[in-house]
Structures are given as structure tokens and as C-alpha cells.
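The values are calculated or read from the model by the stated rules, or taken from the named source; none is laboratory data. Here the structure is a predicted model, which means the values were calculated and not measured. Note that each Cβ is placed from the backbone with ideal geometry, even for glycine, and that neighbours are counted across all protein chains shown. Just the protein is used for accessible areas: all its heavy atoms, side chains included, with ligands, DNA and RNA removed. Shrake-Rupley method; radii C 1.70, N 1.55, O 1.52, S 1.80 Å.
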Amino acid sequence: MYFEQLSPAFGTFVDSVREKKVVVVGHARPDGDCIGCQVALGRVLRAMGAESVCLNQDPVPRRLDFLCPEEFFVKPGEWKPEGHVAVAVDCADPDRPGVAVRDLLAGFDANIDHHISNTGYAGLNLVDSTSAATAEILAGLFLDNGYPIDPITALGLYVGIATDTGQFRFPSTTPRVFEISGRLLHLGADPARASRCLYERESLEKMKLLEAYLSSLRLECGNRVCLGVLPQDVFRKTGAGPDDTEGLVDYARSIDGVDIGVILEDRGVEIKGSFRAKDPRYRVCDLARHFGGGGHDCAAGFTVEMPFDSFYPNLLKVLLEHFREVDSGGDKQETDGGK
Ligand SMILES: [Mn+2]
């Protein structure tokens, strides 16, 4: 058994919804773990006799559309919640699905998640923060209960695990991650196809955006911070979309000697920023919180209403203070390594 504590309760829950309608809810701006889990749970529930749909406030990103070969996803405006059992996946709290979904549902019957900050908001809370991905939990629950995992379900779970572990690179990558992933490969998940679909279908516009970001990179704070700025007109000039900024900041972090990578989007009235640290001791969530945002130790973000010219010197000051505190071993709590 992978999840001795959770699997029997999951089995009882699935038995109780076999003849029912179930809605599988994911979070706003869904990622690979979220969509992979929704597809996988939706398919397994159908195989077990339930009538399932997946509900998201935002559309499935193009990068992940290969996981959804059939019409499975419904939009808040086109769907009636009456008579549905609601299950949330990869959502730390009931607001994560977004306002449009939250307003539609009275609450959640079950919640399957790996965030340490999960608030236990559902009737049944299947939460394990030692898991690298919600897909790792879900795969374990299916395997423990002997449920049928077809190749698409296996691929969805594999993609959830692969993306949330940064392709098996993050500290959350445990022996269990590889064991469960190995089982998924036996069941038909194809890692080469997954990586082709995920990472080798970029648009030229995204590459132009990357070019703009890379050409803006500069080193700050004694070369420990690498920072790049996307100016206001960059989307018009490159033809890229707002989702195309994903992953850009990793290039700033990847430079030798850099501890924290930063991306700043100058939106005129506001600035959207993201921090990425190489080591959890840099606790970039504290930095983001300083500007009204939040996140994890190695990945965090914020949006602040301020003109760029007054924000930038302020950011550098905060970064320098933060380094002083971290270097002196000034320890605050906070250890949410998950994503
Ligand atoms: Mn996740």
C-alpha cells in the first residue's frame, strides 16, 4: 500500500458515488498536476460507474490539451451544479478554484491535495504533504484500490508528477515518486511523448518573448540576483500571450552564482513579479509577501500597484535586506516545498 491512511477512505468514497454525478474541480490557471489529476480522476470515476465532468474557471492550457482527447471539461457559465458530488484536486483552499467556480458550488465533498497549507475544507480530506504532486497521491490511491488505469489516465498522472517535480529534479523527488512513475509507465504512460507534447510545441511568439526577456537580464545584489523586465508593449511587439511568460524566470535563476531569479512585468499601473530561488533557504515566499503576494520557498509571486521607477529601487532594498537576514541565519518558519 502506498497510502495506508488514505486509500480505504478513498475506496469507500468511490463506492458511494458509483451511481452519481461527480464534478472534479481544479484550480484557477490550471497546471500539469491539476489537469492531469482531473482527467485521471474523471476517467477512473467513469470506469467505476459514475457520471463525471471536470470543471475549471480557466481553459485547459494549449500545452496540456493532449491530455484531453474527448470533451470532458465544462465551463462555469455553461454548466449546472445541481445533483453533483464535488471533488477538488490540487487545491489548498476552497478559493483556489477561483470566484466563478466557488460561487457555483455550495462546498466540497472531497479534497485530494499535497499542499502543506491545505485547510481541510471538504467532507473528506485526502491530503498528504509528503507527496510531490497530487497526481502521486491519486496514482497511489488508484493502485492501492486496484482501480483500472488506462493509458490516458496513466499519462495524465505521469504528467502531473513530472511537471510538479520539475522533471524529477526538485527535492520532492523521492524513491516513491520513481516507483509510482514506473508503475504508470507499465500502464501505458509514454515519457517521450509527454515531454514532446509539453516542451516541444512552443510558438515562435514565445521565443520572441524569451528573446526580449533574455536581452533585459541584469545582475544585482553582488551578482546574487538575476533580474529581467518585460516592458509594457512586449506582448504587442512579439505577438506572445500572457501565459507565454511561464518558465522565463528559470533562465535568470540558471546562471552560475545566482541565488534568486526575478521576472518583472511592467503593466503600467501595476507590476507583476515572480521569484525563483535555487535553495529553499532563500524563502522567496517571504519576499513575495513583502509585496502582498505569496508562494513557496523556491517559487513565489506578487502583483503590486506602483509605477516601475519607484518600485525598482524599493525591490533592490528589500532584496538586500533579505540576503542580510538569510545570510545571518535569521530563521523564520515556513517550509512549503510543494507546488
Ligand atoms: Mn500540485
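Side notes on the structure shown:
- Whole-Hz couplings from phi, Karplus 6.51/-1.76/1.60, listed for region 85-92; x for Gly and Pro: 7, 10, 10, 9, 10, 6, 10, 6
- In Å², nearest 10: area of Lys75 left accessible to a 1.4 Å probe: 120 Å²
- Amide H within-cut-off set for Gly123, under 5 Å, with H built and near neighbours excluded: Phe108, Asp109, Ala110
- Solvent-accessible surface ranking, highest first, for Met48, Met1 at 1.4 angstrom: Met1, Met48
- Where chymotrypsin sites (Phe, Trp or Tyr not before Pro) in DSSP loops with at most 16 other Cβ within 10 Å are excluded, longest remaining stretch of the chain: 169-339
- Carbon-plus-sulfur accessible fraction, region 204-327 (probe radius 1.4 Å, protein heavy atoms only): 50%.
- Potential lengthening of the chain between Met48 and Asn314 amounts to 90.2 nm, from the contour at 0.36 nm per residue minus the alpha-carbon distance.
- Region 195-219-region 1-52 distance, computed between alpha-carbon centres (Å): 34 Å
- Helix axis angle, 32-47 relative to the chain longest principal axis, alpha carbon, degrees: 10 degrees
- The phi torsions of region 95-112, fed into the Karplus equation with coefficients 6.51, -1.76 and 1.60 and a -60° offset, translate into couplings of 8, 4, x, x, 4, 4, 7, 4, 5, 8, 10, 6, x, 10, 7, 8, 9, 10 Hz, rounded to whole numbers, with Gly and Pro shown as x.
- Per-residue ellipticity at 222 nm from helix content only, as computed over the chain with -39500 (n - 2.57) for each DSSP H run of at least four residues, stands at -11000 deg cm²/dmol.
- Rounded to the nearest 0.05, the FRET efficiency derived from the C-beta distance between Asp150 and Asp103 at R0 = 56 Å is 0.95.
- Taking every protein chain into account, the accessible area of region 204-327 amounts to 47 square angstrom per residue (probe 1.4 Å).
- Region 204-327: Lys pairs at Cα distance under 21 angstrom, eight or more positions apart or on different chains: 7
- Projecting the Cα atoms of Leu198, Ser7, Phe302 onto the charge dipole of the chain, computed from C-beta unit charges around the Cα centre, puts Leu198 farthest toward the positive end.
- Here the ratio of the Cα radius of gyration of the chain to 2.2 N^0.38 Å is 1.02.
- Over the chain, relative contact order from alpha-carbon pairs under 8 Å, at least 6 apart, %: 12 percent
- Seen from Met306, the other residues with C-beta closer than 15 Å to its C-beta sum to a net charge of -2, counting Lys and Arg as +1 and Asp and Glu as -1.
- Look at where the Cα atoms of region 59-109 and of region 285-334 average out, and the two centres are 32 Å apart.
- Solvent-accessible surface (1.4 angstrom probe) belonging to Ser203, in square angstrom, nearest 10: 40 Å²
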